[in-house]
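Single-structure report; data block below.
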Amino acid sequence: MEVKAFYWKGDHLLLLDQRELPEREVWLKLTDHLQVADAIKSMAVRGAPAIGCVASYGFILGIKKEDPQKVYQVLRNTRPTAYNLFWALERMMKALKEGKDPEKEAMSIEQEDYNANRRMGELGKDLIPDGANVLTHCNTGALATAGWGTALGVIRSAHYSGKKVHVFVNETRPYLQGSRLTAWELLKEGIPHTVITDMTAGFLMKKGLIDAVLVGADRITKRGDVANKIGTYTLSVLAKAHGVPFYVVAPTSTFDPNIESGEDIPIEERSEEEVKSFKNCTLAPKESRALHLAFDITPAENITAIITEEGIKYIKP
Ligand code: MRU
């Protein structure tokens, strides 16, 4: 059974609560758009394409009782960086205005994302040499999408094509999408991996132990700048310094056609508490200030290629 982050059930949405992983698999039953908005904000579901899909289903639940414009606004105001959220909600509003069946539209958004992931996997797997050690950051797998995954989807496709691939999984402070979610997905499928703390990557590159870096994206600008999980920029600089290929894998629904430069992408700032504590564990003095930027911007110059379902775009051969 493939990992799934959510299931649409006609009158409700079943959502795997990612805050509980890897310890427990808890499924939430969401019956209105306010619950869906809360699940996105609190990161019970996360990952740009998954947020877009789930918001579309939230939209359907909402318009049963509420004015569509209000529902649209509530869902838009959940997280500011991932473009897929806005792309999906625009599509839902347009479908409604054009008299299309909104449920069909949401289901197409989900299916198209899954298809795009499979296609990116097929295209991207050839970039991974047999026997490679790859490094990935955050979680870009089935949990972050409609299924299969973007960067992790390419790794999956390489693995299932028979290549030997070993994955270094950046733990990804502070939400630990790498150690909690990516490692959980890789373990389920028997893909060899090693969790590392975020600061280990540079030294591994220096020792020649990393053949490629693969990451996802939350928003990509017209010139190819990429917003992704905080720490991605640092990895790109390290990769450049060590001559390691740095690949971004994202569907076209992540591309913002209105923004030229990464400077203009809104970066989400989350609560200090998420840095100073984890679950019930205190990690910093209560009185200390903490800065919690959820994303950073990697300039196009640091990226070897962007893999989309429409093809591979080489930025710096
Ligand atoms: O804060 P998150 O967990 O929603 O951030 C997720 C990422 O940064 C992913 O890399 C990105 O959404 C691409 S997921 C296919």
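The values are calculated or read from the model by the stated rules, or taken from the named source; none is laboratory data. The structure displayed is predicted, hence computed values, not measured ones. Positions of Cβ are generated from backbone atoms using ideal geometry, with glycine treated the same way; all protein chains shown enter the neighbour counts. We work out accessible area using only protein heavy atoms, side chains counted, and drop any ligands, DNA or RNA first. Shrake-Rupley method; radii C 1.70, N 1.55, O 1.52, S 1.80 Å.
Quick notes on this one:
- Taking the chain and dividing mean pair separation by its residue count, relative contact order in percent (alpha carbons under 8 Å, at least six apart): 16
- For region 1-55, the average shadow cast by the Cα convex hull is 3.8 nm², which is a quarter of the hull's surface.
- In region 46-150, lysine pairs with alpha-carbon atoms under 19 angstrom apart (chain gap of 8 or more, or interchain): 11
- Between region 174-210 and region 15-70, the alpha-carbon center distance in angstrom: 27
- Build a GNM of the chain with springs between Cα atoms under 10 Å apart, and of ASN302, ASN84, ASN258 the one that fluctuates most is ASN258.
- Remark: for residue pairs LYS229/LYS279; LYS163/LYS206; LYS4/LYS41, the C-alpha separation exceeds 22 Å in LYS163/LYS206.
- Probing with 1.4 Å while keeping every protein chain in the model, the per residue accessible area of the chain equals 43 Å².
- Taking the 1.4 Å solvent-accessible surface of the chain as the whole, the part contributed by carbon and sulfur is 53%.
- Relative contact order of region 207-302, defined on C-alpha pairs under 8 angstrom at six or more residues apart (%): 38
- Taking the Cα centre of region 171-269 as reference, the dipole from Cβ charges on Lys and Arg (+1) and Asp and Glu (-1) amounts to some 400 debye.
- Computed over region 220-317, the percent of Cα pairs more than 15 Å apart is 66.
- q = 0.10, 0.15 Å⁻¹: log10 I(q)/I(0) that the Debye formula gives for region 145-269, counting C-alpha atoms only: -0.32, -0.74
- Angstrom value of the Kirkwood radius, inverse mean 1/r, which spans all Cα pairs in region 25-143: 15.4
- FRET E, pair CYS281, GLU25, Förster distance 25 Å, beta-carbon r, rounded to 0.05: 0.70
- Placed amide H near VAL195: partners under 5 Å, 5+ positions off or other chain: VAL169
- Selection among GLY202, ILE297, ILE220 by position relative to the dipole of region 197-317 gives GLY202 as farthest towards the positive end (Cβ unit charges, Cα centre).
- Inter-centroid distance (Cα atoms) of region 255-270 relative to region 95-133, Å: 22
- Where only DSSP H runs of four or more residues are counted, the chain gives -10500 deg cm²/dmol as its mean residue ellipticity at 222 nm, each run worth -39500 (n - 2.57).
- For region 61-69, Karplus couplings with θ = phi - 60° (6.51, -1.76, 1.60), whole Hz, Gly/Pro x: 4, x, 6, 5, 10, 10, 5, x, 5
- Counted residue by residue at 0.36 nm each, then reduced by the alpha carbon distance between them, the extension gain from ASP11 to LYS163 reaches 50.5 nm.
- Sorted largest first, the principal axis extents computed over the alpha-carbon atoms of region 116-187 equal 32, 26, 17 Å.
- For the chain, the Cα gyration tensor yields ellipsoid semi-axes of 30, 22, 19 Å (square root of five times each eigenvalue, largest first, whole Å).
- Note on region 193-250: the C-alpha convex hull projects to 4.3 nm² when averaged across all orientations.
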